Structures are given as C-alpha cells and as structure tokens.
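Data block below; observations after.
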Amino acid sequence: MDRLEIRGLQVKARHGADPGEREHEQWFEIDIVAEMDLSAAAASDEIGETLHYGELYQDVVDGVQATSHALLERVASEVIELIFVDPRVARAEVRVAKPGLLGGATPSVTLARENPRFVGRLQ
C-alpha cells in the first residue's frame, strides 16, 4: 500500500489533562501517514486522484484548534477521523506530541487505525 505523509505539522492549541493546561495555547506536533493506492495519481498527474495534502493540513490545523481535550489520545483520534473522511484511505497512523513539556522530553501518542469507510482493494 502506498503512503502519503505529512511530517512535522505544528499547531498551537488548548489540550491537556493538568490544571491550567487548557487556559493557554501550547505547541503540538503532528505526523500523519495515510495509506492508499496512489497509482492513479502517479499515472494521471491529477490532484483529484490523490488525497490533497494541503487541504488535509488545513483541516487538521482547524480541527485541533477548534477543540479542547484532556488527552493526546483523543486529539489523535479526531485527526484520524478527519483523514477517514476520504474513503480511498485504507489505513492511517497519527502521532501527536507535546514538545518541551517534560524538561526537554517529548511525550507523544501514536494511533494506527483502519478506515471503516474504505472503498477499494487492499494491496
């Protein structure tokens, strides 16, 4: 299966479980991997044959900024749902990290899921 990736997406948002974390925006780093058949896009050179990563980028930024959750797991789950709007995506992996939170250490969560709306054939 082919992979379309967005690495190092940075967004300021209000998520966190500890008191006060949601009062101020913090930086989050997001990595996205969407697995889908990219052969039609490679052959046609047409953007309509692929997942438009510019639009996905903006959807993720808007979605992460529009909500406020306690857990990174919830944020990552919502990002995966944004990816799965496109039924051509078979699987996705999302990593959400909170850099600099723990004295230089970066906590992160990675979720990997199959798209229940997938239309196509697995390779």
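Candidates LEU51, LEU111, LEU82, LEU56: the one that is part of a strand (DSSP E or B) and touching a residue at least 12 places away in the same chain (Cβ under 8 Å) is LEU111. Look at the stretch 86-102: where a residue is more than 24 Å from ARG3 (Cβ to Cβ), no partner that is of a type in the set (Asp, Glu) and assigned to a loop (DSSP other than H, G, I, E, B) sits 6+ places away or on another chain with Cβ atoms under 7 Å. Number of residues in the stretch 1-48 that are surrounded by 12 or more Cβ atoms within 10 Å (Cβ to Cβ), in a loop (DSSP other than H, G, I, E, B) and either touching an Asp or Glu at 6+ places or on another chain (Cβ under 6 Å) or touching a residue at least 24 places away in the same chain (Cβ under 8 Å) (or both) equals 7. The numbered conditions (1) surrounded by fewer than 16 Cβ atoms within 10 Å (Cβ to Cβ); (2) under 17 Å from VAL64 (Cβ atoms) are all true for ARG121 except (2). Considering only residues in the stretch 85-108 that are assigned to a strand (DSSP E or B) and at pLDDT 95 or above, the one that is farthest from LEU51 (Cα to Cα) turns out to be SER108.
The values are calculated or read from the model by the stated rules, or taken from the named source; none is laboratory data. Here the structure is a predicted model, which is why all the values come from computation and not from measurement. Backbone-built Cβ (ideal geometry, glycine too); neighbour counts: all protein chains shown.
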